[in-house]
1. Starting at the first residue of segment 86-99, write each ³J(HN,Hα) from the Karplus equation 6.51 cos²θ - 1.76 cosθ + 1.60 with θ = phi - 60°, in whole Hz, x for Gly and Pro.
2. Express the Stokes-Einstein translational diffusion coefficient of the chain in µm² s⁻¹, to the nearest whole number, given a Kirkwood radius over alpha-carbon pairs, 25 °C and a viscosity of 0.890 mPa s.
3. Can you give me the long-range amide H partners of Tyr204? Hydrogens built in the peptide plane at 1.01 Å from N, cutoff under 5 Å, separation of 5 or more residues or another chain.
4. Using only DSSP helix segments of four residues or longer, with each worth -39500 (n - 2.57), what per-residue ellipticity at 222 nm results for the chain after dividing by its residue count and rounding to 500?
5. Segment 56-73 to segment 187-201: how many Å between their Cα centroids?
6. Using θ = phi - 60° and the Karplus form 6.51 cos²θ - 1.76 cosθ + 1.60, what ³J(HN,Hα) does each residue of segment 75-83 get, whole Hz, x for Gly and Pro?
7. Gaussian network model of the chain, Cα springs within a sub-10 Å range: biggest mean-square fluctuation belongs to which of Glu191, Glu31, Glu59?
8. Any idea what the relative contact order of segment 71-206 is, in percent, if you count C-alpha pairs under 8 Å spaced at least 6 apart?
Amino acid sequence: MGNLSEQISETLKTAILEQRLIPGTKLGERELAEIFGVSRIVVRQALIRLGTDGLVTIERNRGAFVAKPSLQEALEIYDTLTLLEQGVAMQLSERLDAAGWDKLKAHVALQAEAIDRGDHQAADELGQGFHTMFIALAGNRLLQDIHAQVVQRTFLLRSLYTSRFDYCNLLNEHTKIINLLERGRVKQAMELIDAHHRHVVRGYVLDTSEYPTVNLKDALRPELSGDNESQYLAATGT
């Protein structure tokens, strides 16, 4: 049962991170149990897992919903990322070798190329990837897992808020962070990491448009296969 609930939580997580299940969407236990062909207990366990990750909010007497973070929670998310990356900055300044610095610089170069050709989606993904690589270079698996869990919550923000990022400025800050740390100027690098994440938060603008009602079966259909897909087709008559 545990393995099955884990599979369902991963399926729901994918749909959330790909913005097929948007913030505020109700995740009804009964409907999900029918979609996946499992008991409500298994679904409940999956939702609890997602609640631990911060992707789902479980409200007493109301049920489970895709988390809908406020701007205050957005600040807290990026404050957490700042603290994690500042700690790693101190380590990298002392431990990282030339190959490690070159790896970061090569990644920033790819980000610059994406900006030059006007590919904002690629620039955005590479920008996020810079921080993932930065953390990974510390070689601490637990820290990577914690960082990844916090980063997941930023995907909810991207569903709720319009992003207006200054990609050139964010790129320049990535370059400056590398240069400062490579020269041992840790304090300045840590201050810039803090300012960098604040710039990212300011790039989010509340989208006041109403979100369409999400049909759980349609949102999850790309994840269904085998017996579950057959059950879906039978239920929808397609």
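1. Karplus values, whole Hz, x for Gly and Pro: 5, x, 5, 4, 4, 5, 5, 4, 8, 10, 5, 8, 4, 5.
2. On the way: Rh = 19.6 Å.
My calculation gives 125 µm²/s for D.
3. Arg164
4. My calculation for the chain gives -23000 deg cm²/dmol from helical runs alone.
5. Centre-to-centre (Cα) distance: 29 Å.
6. Using θ = phi - 60°, the values come out as 4, 5, 4, 6, 5, 5, 4, 4, 5 Hz.
7. Of the options given, Glu59 has the highest mean-square fluctuation.
8. Relative contact order here is 39 percent.
Throughout, read-outs are computed from the coordinates displayed, never taken from laboratory work. Computed from a predicted model, the values in this text were never measured in an experiment. Every residue, glycine among them, receives a Cβ derived from its backbone with ideal geometry; neighbour counts consider all protein chains shown.
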